[in-house]
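Q: Dropping a structure here in structure tokens format, bear with me for questions.
The values are calculated or read from the model by the stated rules, or taken from the named source; none is laboratory data. Note that the structure is a prediction, hence the values are computed from the model and not measured. Cβ placement follows ideal geometry from the backbone for every residue including glycine, while neighbour counts extend to all protein chains displayed.
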Amino acid sequence: MKHLLILGCGWFAEELAKLYQSKGWQVWATTTQQEKYHRLKGDGIFAYTHNFDDEAELDLPFEIRFDLVLNSIPATSKNSIEDLGFRFYQVFKLLSTISYDRHFYLSSVGVYPDIDAIFDESYADEEQMISRLRLAEKRMQSLPSTTVFRLGGLFGKQRIFAKYFQNKVVTTGDQPANFIHLDDVLGLIEAAIDQHISGGIYNVVCPEHPSKKEVIMRSAQKYLLEYPAGFDPKERFQKIINGSKLPALLNYTYKYRSPLDF
């Protein structure tokens, strides 16, 4: 039997947990939410309520070797660099004490600076990258067998882009959409597991980048949502993330090539 450990079982990670449980894997997962803890337990997942901002130990079964650790502990903007340093030190300390084959860390394309440019994984200007996200990546990359996936804006199911702008003035409508559908993240991660990817950094975004205004209007029409109150283009930088490296490596075909299709 194979074993999956999820650290920080958010929206995407919960979907992956269900997928691999259906494949016969045993799944362990941490969450900070009591409601989710009970839901995971009810689904037959070995769940823990744990916050990596605390010094409490996590009582994992150390006799088990995990085939994969999926790490989606966030480097959120509301936390200071010092707090994030402590959080990811706690994650590092835990992963240094258990046995695993591969470690997938879910980061964000937000690590790239907000400027007019097309970014791929070769971009290496540390001074321009977003420090809190890069700090987390570098800490996790110091662990063995680590692969970093930089996810674009994640949508699908009930997470619809237009929902967040109903009757509001949109200031980012002229920006390109660097988004990805939940189903394609699941598909790419599943393919990376199956093909034994280990190591490196990969952007995970749709190959097409319509404007955010186009995506808002299309999804509002599709899901019968209220339109924005207006568009006031104040933040117009043209930041585009190139995500072609990973699907080419995996020979993966997108289910949703454009956020207009979500």
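Q: Quick one: count up the residues across segment 177-200 that are touching a Ser or Thr at 6+ places or on another chain (Cβ under 8 Å) and either surrounded by fewer than 16 Cβ atoms within 10 Å (Cβ to Cβ) or within 14 Å of Gly152 (Cα to Cα) (or both). Give the derivation first.
A: Step one: filter segment 177-200 for residues touching a Ser or Thr at 6+ places or on another chain (Cβ under 8 Å), giving 177, 192, 197-200.
Next cut, either surrounded by fewer than 16 Cβ atoms within 10 Å (Cβ to Cβ) or within 14 Å of Gly152 (Cα to Cα) (or both) only: 177, 198-200.
Summing the residues that are touching a Ser or Thr at 6+ places or on another chain (Cβ under 8 Å) and either surrounded by fewer than 16 Cβ atoms within 10 Å (Cβ to Cβ) or within 14 Å of Gly152 (Cα to Cα) (or both) in segment 177-200 gives 4.
Q: Go through segment 138-180 and count every residue that is touching a helix residue (DSSP H, G or I) at 6+ places or on another chain (Cβ under 6 Å) and within 20 Å of Leu94 (Cβ to Cβ).
A: The total comes to 4.
Q: Next question. Could you tell me which residue of segment 47-57 is farthest from Asp83 (Cα to Cα), considering only residues that are crowded, with 17+ Cβ neighbours inside 10 Å and among the hydrophobic types (A, V, I, L, M, F, W, C)?
A: Residue satisfying both the conditions and the ranking: Ala47.
Q: Being farther than 22 Å from Gly110 by Cα, among the small types (Gly, Ala, Ser) and out of contact with any Phe, Trp or Tyr (no Cβ under 8 Å at 6 or more places or on another chain) is the filter here, so list the residues in segment 46-85 that pass it.
A: Ala56
Q: Go through (1) among the aliphatic types (A, V, I, L, M); (2) modelled with pLDDT of 95 or more; (3) part of a loop (DSSP other than H, G, I, E, B) and name the single condition Ile189 misses.
A: All conditions pass for Ile189, except number (3).
Q: Also, quick follow-up: Select from segment 113-150 the residues that are free of Cβ contacts under 8 Å to residues at least 60 places away in the same chain and among the aliphatic types (A, V, I, L, M) and list them in ascending order.
A: Answer for segment 113-150, where residues must be free of Cβ contacts under 8 Å to residues at least 60 places away in the same chain and among the aliphatic types (A, V, I, L, M): Ala124, Met129, Ile130, Leu133, Leu143, Val148.
Q: Go through (1) surrounded by fewer than 21 Cβ atoms within 10 Å (Cβ to Cβ); (2) modelled with pLDDT of 95 or more; (3) more than 22 Å from Leu143 (Cα to Cα); (4) within 16 Å of the chain's Cα centre (by Cα) for Lys23 and report which single condition fails.
A: (4)
Q: Which ones in segment 26-45 are on the phi < 0 side of the Ramachandran plot, surrounded by fewer than 19 Cβ atoms within 10 Å (Cβ to Cβ) and outside any helix (DSSP H, G or I)?
A: Scanning segment 26-45 gives Gln26, Thr32, Gln33, Asp43.
Q: Ok, one more. Residue by residue through segment 77-112, note down the ones that are more than 27 Å from Gln26 (Cα to Cα), assigned to a loop (DSSP other than H, G, I, E, B) and without any contact (Cβ under 8 Å) to a residue 40 or more places away in the chain.
A: Lys78, Ser80
Q: Only one of these is modelled with pLDDT of 95 or more, closer than 25 Å to Asp53 by Cβ and either surrounded by fewer than 20 Cβ atoms within 10 Å (Cβ to Cβ) or among the basic types (Lys, Arg) (or both): Arg87, Arg102. Name it. Before you say what the answer is, go through the steps one by one.
A: Details: Arg102 fails: closer than 25 Å to Asp53 by Cβ.
On inspection, the qualifying residue turns out to be Arg87.
Q: While we're looking at this one, here's another question. Within segment 141-160, how many residues turn out to be over 14 Å from the mean Cα position of the chain (by Cα) and outside any strand (DSSP E or B)?
A: Qualifying residue count for the region: 8.
Q: Anything in segment 192-234 that is assigned to a helix (DSSP H, G or I) and among the basic types (Lys, Arg)? List them, or say none. Reasoning before the result, please.
A: As a first pass, look at segment 192-234 and keep what is assigned to a helix (DSSP H, G or I): 192-194, 212-222.
Result: Lys212, Lys213, Arg218, Lys222.
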